[in-house]
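The structure under discussion appears below in the form of structure tokens.
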Amino acid sequence: MNLSASIENGLIRHCSPTLACLKTANLFAVECNCTEELDDIIQKWNGRLSGKGLTIIRLSEKNDRSLIYVFRENKLLHDLNCPKINVFLRNNGYPATDVDSAISTLRTHLNELDEFPHEIGVFLGYPIDDVLGFISNKGRNYKCCGCWKVYRNEREAEKTFARFRKCETVYMRLWKQGWSVLQLTVTS
């Protein structure tokens, strides 16, 4: 599969809840030994999707694998403006929590820290209580697990996971029937 097709496949397979405006953001990885080509493809996708309120960036790159972050800036800004999230990020080395500064700091953490930064859950729209629960429990003792490990409000999380699974199923079916990513992306 060529790189352009890998990106399109990743958008549908891993980002349909974000395309449908049900979720703040998603991540997926692509194998790529040519970041210039990848950046060109991402730029083209951003040109197509910018009017829909969606942004795609290469968040990090290690060993010919690039981590692609697909997000809705308005939802991310809303999440970052939550006082509890704002305090959490500041306590974790984020000097500013506007979208650009926060993503810049996240990039730095991804590239410089030995382990995956757990605060990434905030950037994916996970509930802050579950992000904090994951950190304090070191990933153990969760109530249920879907897109993330749940430490609080299990019932609501299960409903959310079911919505995401249904969205993913519908988007995959429609994409296989010939619908484009652009057609499947909701405007926010």
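The values are calculated or read from the model by the stated rules, or taken from the named source; none is laboratory data. Computed from a prediction, not measured in an experiment: that's the story for all the values here. Here the Cβ is made from the backbone with ideal geometry for all residues, glycine too, and neighbour counts use every protein chain on show.
Of the residues ILE42, ILE56, ILE68, the single one that is under 23 Å from GLY146 (Cα atoms), modelled with pLDDT of 95 or more and either of a type in the set (A, V, I, L, M) or buried (at least 18 other Cβ atoms within 10 Å of the Cβ) (or both) is ILE68.
Residues are listed down the side, and each one gets a yes or a no for (1) farther than 25 Å from LYS84 by Cα; (2) under 17 Å from the mean Cα position of the chain (by Cα); (3) outside any helix (DSSP H, G or I); (4) free of Cβ contacts under 8 Å to residues at least 40 places away in the same chain:
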| position | (1), (2), (3), (4) |
| --- | --- |
| ASP129 | no, no, no, yes |
| GLU158 | no, no, no, yes |
| PHE161 | no, yes, no, yes |
| LYS166 | yes, no, no, yes |
| THR169 | yes, no, no, yes |
| LEU174 | yes, no, no, yes |
| GLY178 | yes, no, yes, yes |
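The conditions of being in contact (Cβ under 8 Å) with a residue 12 or more places away in the chain and within 14 Å of ASN74 (Cβ to Cβ) are not met by LEU19.
Please go through the range 1-12 and give me each residue that is more than 25 Å from GLU119 (Cβ to Cβ) and either crowded, with 17+ Cβ neighbours inside 10 Å or touching a residue at least 24 places away in the same chain (Cβ under 8 Å) (or both), ordered by number.
Result: LEU3, SER4, SER6, ILE7, GLU8, ILE12.
Go through the residues of the range 136-148 one by one and say whether even a single one is part of a helix (DSSP H, G or I), surrounded by fewer than 13 Cβ atoms within 10 Å (Cβ to Cβ) and either free of Cβ contacts under 8 Å to residues at least 60 places away in the same chain or of a type in the set (A, V, I, L, M) (or both). Yes, the conditions are met somewhere in the range 136-148. SER50 satisfies every condition listed in (1) within 23 Å of LEU184 (Cα to Cα); (2) surrounded by 15 or more Cβ atoms within 10 Å (Cβ to Cβ); (3) hydroxyl-bearing (Ser, Thr, Tyr) except (2). Scanning the range 147-167 for residues that are within 18 Å of ALA20 (Cα to Cα) and touching a helix residue (DSSP H, G or I) at 6+ places or on another chain (Cβ under 7 Å) yields a total of 3. Annotation: of all residues in the range 104-119 being part of a helix (DSSP H, G or I) and in contact (Cβ under 8 Å) with a residue 24 or more places away in the chain, the one that is surrounded by the fewest Cβ atoms within 10 Å (Cβ to Cβ) is ASN111.
When every residue of the range 81-104 is checked against the conditions, none turns out to be over 15 Å from LEU27 (Cα atoms) and touching a strand residue (DSSP E or B) at 6+ places or on another chain (Cβ under 8 Å).
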